[in-house]
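Everything on this sheet refers to the single structure shown next.
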Amino acid sequence: MAVKTQPVTVNLGPQHPSTHGVFRMRVMFDGEEIVDVEPVFGYLHRGTEKLAEERTYSQIITLTDRMDYVSSMLNNQSYVLAVEKLAGIEPMPRGVWLRMIASELQRVASHLVATGFLLQDLGALGTPLIYCMRERERILDLFEMLCGARITNSYMRPGGVFMDAPKEFWPALDRELDDIVNTIDELEAYLSGNEIVFSRTKGAAVLPPELLINASITGPMLRASGVDWDLRHRDPYDYYDKVDFNRVLHSASDNYARYWVRVQEMRESVKIVRQCIEQIEPGPVRPSFDDVPRLIRPPVGDVYSAIEGSKGELGFYLVSDGSIAPYRMHARASSLINLTLLREMLIGEQFGDLFVIFGSVDLNMGEVDR
Amino acid sequence: MSAAFLDNSLWRNVYCVLAGESTECAARDYSSGLLPGGMEWLAFLLSALVVAAIFANAILGGVIVLIWGERRLFGRFQNRTGPNRWGPWGTLTSVADAIKTMFKEDLVPAEADRILFNLAPVMIAAPALIVFSVIPVGVGTYVADLNVGVLFIMAVTSLTTLSVLTAAWSSANRIAILSALRSVALLVSYEIPMALALVGVIMLAGSMSLGSIIEAQAIPFILVQPLGFFVFFLAAMAEMARAPFDLTEAESELAAGYLNDYASMKFGLFFLAEFIAELSTSAIITTLFLSGWKGWDPIPSHLWFAVKLILVLFVIIWFRMTLPRLRVDQVLKFAWKGLFELTMINIIVTAVLIAIWPEPSTTELWIMAAINWPVAIISIWVVSKLLGTSAYESPTPSESAPVYPVGTETLPANAGVQGGGDK
């Protein structure tokens, strides 16, 4: 006997504990099955791009910190690379190496947060999350040594970084790199063979690579579907052509693959940092103020420059009218673009998987709404 | 007053202090009572009230300790200190929390069905307490030794779901109703393996009274009934909606499920009932599978019971801290395709063994244990293989060819747009 049922619309968010910030979804359920999803953005809109039009090129660095606040270093890097390209600034080698060290550490921190919250969404009551966060805290301690700030770093400048690393940074970094590897091993021992994690993430929200490419999804989400697209390898910026690392690929394109790609990328990031430590040499970390003044006046023109952020291609488009502030700035926010497939991922899935799938996108509302 | 009550030291002490002149009490060396002769009925009523009050308050005190202990353990599991500010080692934290909860504003949603909304918290707290009435917490320390004790437990514990459903329905909240539906699905599925898991114990003890079941445990039944214990433990976790089966509250999905619209002490009662359920489930497991208050002599029976109870509680908290949550369909599949089969195997094997040794002595119980353990291990392994998800061949990160073909040449050095454009 077929029971007559009626779909129910439920409003989830913006004050829901699992929405990774302030995100809202109007979800239509038929029993436990998701029939329709309508995402609502904009609760964290702060007008970063408009504000940038009123700031000098150096001041904008602090705005980029606040976009994706779990990977500020990467935002900094993407932005200063765009400015360097626009103004034709030649960066100092030591500054570039420090930039790479900082951004790879930030990638690890961001992936730790993504993995931890994915498990939190799976219902693991905080324990794995806190273990991930503990390791992230120690990375933030390193950032504190580098630049005095933990979250909103503003560490990088066009042409390098603003300050050399203190002496005690290097031994602390070595210790931390070993500990990150240990943490990843622990995480994998706990999770990769865990039947509950496995049965819930395997085969959930499978996306074909063609769809991902057409939706211009980038980052771990794309690589989890087997598409070999990593800007560090495809379009090497900074000194990524001087380091050797593996591109992590998985062919399953489901939640588990995304989790797995992130975990393995952390290992690769550690490898990159180790190579950076080997190759870094003493020298100035940024050009003198005679070469790159505080008030940069790039020539008239526009530029787009992108890096491989923790969540995907993170690009900045800058238009200069020759003045001290950009005429227009636009950020290619990978979180927002990765979120565009949310509906395709969710429809037909179970309610219990909703936030797991949502979490597997690894989005940050600060970046989505800017 | 029947003699059965006077075998119970808790009742006897209260009753005979009141009505010591009655013949039953005089026979047990109680010289004189407070009440004059012929007032035994009043003594009976008063002693019933006193016993109930003692038990209920002891449980509530236990819950306060449990909440503190659980939070401290959470802290240790999660690499932090846990509550440690208020009182020595944070022991007064629960008290402070209780006071805070009481003084919060009591909100009732405008659309709520007020009568049911107010009734639900009471309905959930009462059965949780009542379960304890049949559990002996020491030699002769119980409220009542029902001859259908096990059935009574099964019946009363399933009342919880009724109040969850009432709470969800009356608060007119869609998320709450989703949670209540999950709760009902859990009850319907897990009540059956839970009850069937106990059949083995009942067959071995030859009685449904918890007192007799403890007496029958010459060795703890966890040794004789490993499969029954396994199934009962998991089903009980599901029944009280604990991780990994915490679908009804499911903080990361349903916020707090049926608790969404409750505030103040109404929320407090739900919270309390949840912890009483945890306590009572542990007490039931202790009684049925860990031989209850039985132990070796110099240590009093109540202490044995407490130690075993804490052990079970620790395992439950450990589970909760460690495991992620299952999805609804997986939880139900696990009950019907996994636990149900295991209980059936258990019942058949136990029935055969009982047919061979109808009144098992200690040696025969050991022989049963020796037969049951391999059966349990093999059948659990087989079921886990049948139900489990097979692992991926995780590819090792390498420079191997991309799975999806994309252009292999790197982009030109200056791929970005640069220069030009009149503004």
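At a glance:
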| quantity | calculated |
| --- | --- |
| The stretch B:222-275, subset within 14 Å of another protein chain (Cβ to nearest Cβ), part of a loop (DSSP other than H, G, I, E, B) and of a type in the set (A, V, I, L, M, F, W, C), residue farthest from B:M102 (Cα to Cα) | B:F245 |
| Number of the exception - B:W68 against (1) free of Cβ contacts under 8 Å to residues at least 24 places away in the same chain; (2) assigned to a helix (DSSP H, G or I) | (1) |
| Helices (runs of 4 or more DSSP H) completely within the stretch B:311-393 that count 1 or more residues being in contact with a strand residue (DSSP E or B) (Cβ under 9 Å, 6 or more places away or on another chain) | B:328-333 |
| So A:R294, is it touching a residue at least 60 places away in the same chain (Cβ under 8 Å), within 23 Å of A:S72 (Cα to Cα) and basic (K, R) | yes |
| Residue within the stretch B:165-174 that is at pLDDT 85 or above, under 30 Å from B:V201 (Cβ atoms) and crowded, with 17+ Cβ neighbours inside 10 Å present | yes |
| Long-range neighbours under 6 Å by Cβ, at least six apart or interchain, first residue over 17 Å from B:V134 (Cα atoms) within the stretch B:198-210, second of a type outside the set (S, T, Y) and part of a helix (DSSP H, G or I) | B:V199/B:I347; B:G200/B:G228; B:G200/B:N346; B:M203/B:I354 |
| Flag for A:T56 being in contact with a helix residue (DSSP H, G or I) (Cβ under 6 Å, 6 or more places away or on another chain), in contact (Cβ under 8 Å) with a residue 12 or more places away in the chain and more than 22 Å from A:F355 (Cα to Cα) | no |
| Condition check for B:T350: away from chain A (no Cβ under 14 Å), surrounded by fewer than 19 Cβ atoms within 10 Å (Cβ to Cβ) and of a type outside the set (A, V, I, L, M, F, W, C) | no |
| Residue match in the stretch B:306-322 (condition: polar (S, T, N, Q), within 13 Å of another protein chain (Cβ to nearest Cβ) and free of Cβ contacts under 8 Å to residues at least 24 places away in the same chain) | no |
| Some residue of the stretch A:210-220 being assigned to a helix (DSSP H, G or I), touching a Lys or Arg at 6+ places or on another chain (Cβ under 6 Å) and buried (at least 23 other Cβ atoms within 10 Å of the Cβ) | yes |
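The values are calculated or read from the model by the stated rules, or taken from the named source; none is laboratory data. Everything quoted here is computed from the prediction, not taken from an experiment. For neighbour counting, all protein chains shown are included, and Cβ atoms are generated from backbone atoms with ideal geometry for every residue, glycine included.
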